[in-house]
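Written below as structure tokens is the structure these notes are about.
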Amino acid sequence: MAGLPAQAGSVTEDVPTTSSRTASFRLLILAGFASLTGDGVRIAALPLFAAVSTHSPLAVSAVAVAEVLPWLLVALPAGTLVDRRSPRRVVLAAHTGRALVVSALAVAVVTHHAGVPVLVVAAFLITSGETFADSAYQSLLVELAGRDRLDRANSWYVSAETLGLDLGGPLLAAALFIWSPAACFGLNAVLFLVSAACVAMLPDVAVAPAIPAPRDGNTPTQSPPLRRQLLEGARFLLRDRALRVLIMAVVVAALAASAANAIISLYAIETLAVRTALVPTLWVVQAIGTLGAAWLIPRLAGRFGEGRMMVGALALVGLAFLVVGMVPVAGAVWAAYLVVGVGAGGWNVLSATRRQRLTPGAMMGRVTSAYRMLAWGLMPLGAALAGPLAKGTSLATVFVAVGALVTVVAITLAGPLVRTGRVPVSR
């Protein structure tokens, strides 16, 4: 890919050499860790601030919806626009813009102007920026790591995500919120700027052009309409059999996990009689499992096969949720959540690696955004279904249903997951 002529829709610098690529990749992971830690601080602090400042379930719900809505409304056009731009510049602009919004939110909190409309708008804008940053970051990760090292690259990314988003961010929010809620949002802004600074030091990487090369070799052809490019990405995602299999698995797993997460705190308090202060340790245990899996899974996949390990990861999640519902003992549930973390971490590493390998560089933004839309945008549906099911049956029944559903999906898709996913070197 080195030495490609400059074209509209592509960047102009050569692909880094092996040594510089390694250094650039480490800087990219640092940038990701900084932004993910900022996200973890805000994700913990924003709903908490909405709760203590309004004491309104409707207000808290509105903020929660605003945080996830961009994955349904903005993700697809964002991915299409990302495919037309330098991914480094997109991430840089997105994190800078997100830092400005969070800074404004911190000022609003300090000046007592952070009402529900302000919180809702801020939540929507911050996540909208994330839809751009996430798609472009995935393109950078693929190009800087190299397609032959994606399993290790995603292992590093999932580790950074777990440490920052699931552990470090919430712990920092817990420590700062007591002192000053505005400090949480101020720290979030600083971390976004740190991430942007790291990204600014990265080289531009040459990705496949999003605009076709001109036939006469002189003048670039006009950029295809946004709608056409968006549909091309969606068609590619749905027509590729291996990607369709991933979508089916991730949609079911996301719905199931969101249903379980919606009621696990209530289940721990009411059914398991666990003290409220100890409930957050469930997430710590799960994160430990995810970190272990992120380190171990790529090594096992090389020995036993990527497809088999993906099936095993899904099966672990399903069986663990069955234990949560069928063995209502605190020790057993905490151990099961450790296994959920292992399965989820393994699936996240391997499914991301397979999706990236199967996706042409020129479509990485669109395919990533569509995938995220289906995986994250539908999560509120799972949470919404958990409440009525628990009320009509029991809290434990939700976990049994979730575990059974994921286990059935793992068995049903075992063959396709093992058989698909191989991709020609030319991609």
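The values are calculated or read from the model by the stated rules, or taken from the named source; none is laboratory data. This is a predicted model, so every value here is computed, not measured. We place every Cβ from the backbone using ideal geometry, glycine too, and count neighbours over all the protein chains shown. Accessible surface is based on the protein model in full, side chains and every heavy atom, while ligands, DNA and RNA are left aside. Shrake-Rupley method; radii C 1.70, N 1.55, O 1.52, S 1.80 Å.
Numbers for the structure displayed
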| item | result |
| --- | --- |
| Test: residue in region 258-273 that is more than 19 Å from the chain's Cα centre (by Cα) and on the phi > 0 side of the Ramachandran plot | yes |
| Matching option when the condition is modelled with pLDDT under 80 and assigned to a helix (DSSP H, G or I), among ALA383, ALA396 | ALA383 |
| Selection count, region 377-424, where residues are open to solvent by 70 Å² or more (accessible area, probe 1.4 Å), of a type in the set (Ser, Thr, Tyr) and within 30 Å of LEU150 (Cβ to Cβ) | 1 |
| Odd one out for ALA174 among (1) crowded, with 22+ Cβ neighbours inside 10 Å; (2) under 24 Å from ILE288 (Cβ atoms) | (1) |
| Residue in region 54-66 that is surrounded by 24 or more Cβ atoms within 10 Å (Cβ to Cβ) and assigned to a helix (DSSP H, G or I) present | no |
| ARG147 open to solvent by 40 Å² or more (accessible area, probe 1.4 Å) and among the basic types (Lys, Arg) | yes |
| Failed criterion for GLY164 (all others in (1) open to solvent by 30 Å² or more (accessible area, probe 1.4 Å); (2) more than 30 Å from LEU231 (Cα to Cα) hold) | (1) |
| Unique residue being in contact (Cβ under 8 Å) with a residue 40 or more places away in the chain, surrounded by fewer than 24 Cβ atoms within 10 Å (Cβ to Cβ) and within 18 Å of the chain's Cα centre (by Cα) when the list is VAL121, VAL82, VAL91, VAL74 | VAL74 |
| Qualifying residues in region 36-52 (those that are surrounded by 17 or more Cβ atoms within 10 Å (Cβ to Cβ) and more than 21 Å from the chain's Cα centre (by Cα)) - the one farthest from LEU176 (Cα to Cα) | ALA50 |
| Evaluation of VAL367 against (1) over 18 Å from the mean Cα position of the chain (by Cα); (2) surrounded by 21 or more Cβ atoms within 10 Å (Cβ to Cβ) (one fails), failing number | (1) |
| Flag if GLY331 is open to solvent by 10 Å² or more (accessible area, probe 1.4 Å), free of Cβ contacts under 8 Å to residues at least 12 places away in the same chain and part of a helix (DSSP H, G or I) | yes |
